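Please treat every number below as a calculation from the coordinates, not as lab data. A quick note: this is a predicted structure, and the numbers were derived from the prediction, not measured. With ideal geometry, Cβ positions are generated from the backbone for all residues, glycine too; neighbour counts draw on all protein chains shown.
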Amino acid sequence: MAKKSKELTEFTIDELASRRRELKEEMLMLRVQQEAGQLENPSRLRTARREIARIETILTARRSAQKA
């Protein structure tokens, strides 16, 4: 299930990186299913992609804050 940005900000950097890795693996499986014509919920691709983007944004902000 997709997490909102507020929920994601409570995670540590390691937890966010782990979640990002899980989502990327899920995206791969969803793309394979889509190519095979077996994807039952096409909107899951979009929600996973957006959640990855949210995580990337939070990670970038935290890393830049650590450098400053």
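Numbers below:
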item	result
Any hit, segment 29-39, residues being among the hydrophobic types (A, V, I, L, M, F, W, C), within 13 Å of the chain's Cα centre (by Cα), assigned to a helix (DSSP H, G or I) and under 30 Å from Arg63 (Cα atoms)	no
Residue within segment 42-53 that is of a type in the set (Asp, Glu) and under 9 Å from the mean Cα position of the chain (by Cα) present	yes
Lone qualifier among Ala48, Ala17, Ala61 - being in a helix (DSSP H, G or I), exposed (fewer than 12 other Cβ atoms within 10 Å of the Cβ) and not charged (D, E, K, R)	Ala61
Total residues in segment 1-14, condition exposed (fewer than 11 other Cβ atoms within 10 Å of the Cβ) and assigned to a helix (DSSP H, G or I)	3
Unmet requirement for Gln66, which otherwise passes all of (1) assigned to a helix (DSSP H, G or I); (2) closer than 22 Å to Lys3 by Cα	(2)
